[in-house]
Amino acid sequence: MTHENSSRRKAGNGEDSVYWDASKKRYVGAVSHGYTPSGKRRRPKVYGKTKTEVRRKLRDLKNELATGVKTPANYTVANAVEDWLTQGLKGRDARSIETYKSLARNHITPDLGKAKLRDLQADDLDDWLEAKAKMLSKQSLKMVRSILRRSISHAQRRGKALRNVAELVDLPEGLAGRPSKSLTMEQAERLLGTRPGTWIHAYVVLSLLVGVRTEECRALTWKHVHLADVHGAPDSKAHIDVWRSVRRHGDTKTDKSRRSLVMAHQAASVMTVHRGQQMQRYRERGLEWNEDALVFPKDDGEQRDSTNVLRNFRSLLKDAGFPDPKEWTTRELRTSFVSLLSDHGIPIEVISRVVGHSGSATTERVYRKQLRPLIAAGAEAMDDIFEPGNHSVDALREV
């Protein structure tokens, strides 16, 4: 077999060369890159099946040399992803880390893991994402691309990658995600009347009547729950300071999420009973209760995880007569809060402030199906919606 550069010409000073190497059965490209301290000429090389491939690799190599970045020849996508999972997630929530690892090891490493990072092309990622769009929801697809993009960025910061091709590709539509739904008025009343006096009942009341996120509920401490003046002066109002969450460093989701919310009377009454019961349990165990205690702790006083709350929530739904509790998630208590306010005529701008969104556009995008086209604050509305005398309040008084 003959090749047009089989008789190799010696490249001149500073000149690139492309030639056929019969022993390797590949084309070789070499670029002149100065001299070593001992005076030996530096000639880094690249290899490919065609001259076009080699010339492209030469261009990338020269860019790397110009920027001082040298992507290791055998550094793969799998290496980059594993490095990011190991080094780039310090301080993150353990559950989030497990989610990232699961997505990476199920959807990135099997498909792209063996690819050399320096050879990865945008076309490769377009094909990969199109295939994934047939099996993943848009949110999962977005997370998978984000993991790859952040993994390559991590490699860039360590001088192991010149460019981030994951930033050059568009996201396909993906499968439709599971639609959120809201409790009807009848369902909400039934749920509020089930198992009063239990912590999960109090948790549901706070989520449904005040609109607190589940991640904010789990991190809530008693020093941020203000109940002392519930029966005091007319101007005094029970409220909670939503200043913490289970997120990294205990921050709320956004700055606007850090807010203080007046509680509906029913919520304040339930929380007063819940606090008294918790203080009694502490006394029975010989423990000293203080306001740094979590509002909804596990039996050992530690913070509950989302799985624990979901399991107890679905148990409550079962007791309330819901035919398929597994169809519901705790975040849909917040969806129901928005829906009930909207049905009551509360303006979207007011709902946005109560739920802690940065603007009404976010509320409209996230809760579009729960909002009325024509929308007339939070705690007062819930007092009107769930009037004193309904069966859930009566049941509470019997506790």
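Among the residues of region 267-302, those identified as under 13 Å from L227 (Cβ atoms) and in a helix (DSSP H, G or I) are A267, A268, S269, V270, M271, T272, V273, H274, R275, G276, Q278, M279.
Quick grid of which residues meet (1) modelled with pLDDT of 65 or more; (2) among the hydrophobic types (A, V, I, L, M, F, W, C); (3) surrounded by fewer than 16 Cβ atoms within 10 Å (Cβ to Cβ):
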{"residue": "D324", "(1), (2), (3)": "yes, no, yes"}
{"residue": "I351", "(1), (2), (3)": "yes, yes, no"}
{"residue": "G359", "(1), (2), (3)": "yes, no, yes"}
{"residue": "L374", "(1), (2), (3)": "no, yes, yes"}
{"residue": "D384", "(1), (2), (3)": "yes, no, yes"}
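Looking at this structure, is L58 of a type outside the set (V, I, T) and modelled with pLDDT of 75 or more? Judged against the criteria, L58 is a match. The helices (runs of 4 or more DSSP H) located wholly in region 92-187 that include 2 or more residues which are at pLDDT below 90 occupy 94-103, 122-132, 138-157.
For region 41-56, the set of residues classified as among the hydrophobic types (A, V, I, L, M, F, W, C) and either part of a strand (DSSP E or B) or farther than 15 Å from A73 by Cα (or both) consists of V46 only.
For region 130-157, taking the residues that are among the basic types (K, R) and in contact with a helix residue (DSSP H, G or I) (Cβ under 8 Å, 6 or more places away or on another chain), the one that is farthest from L89 (Cα to Cα) is identified as K132.
Looking only at residues of region 187-205 that are over 18 Å from R311 (Cβ atoms) and among the aliphatic types (A, V, I, L, M), we find that the one that is surrounded by the fewest Cβ atoms within 10 Å (Cβ to Cβ) is A188.
The values are calculated or read from the model by the stated rules, or taken from the named source; none is laboratory data. Because the structure is predicted, anything quoted here is derived from the model rather than measured. Quick reminder, even Gly has a Cβ in these numbers, built from the backbone with ideal geometry, and neighbours come from all protein chains shown.
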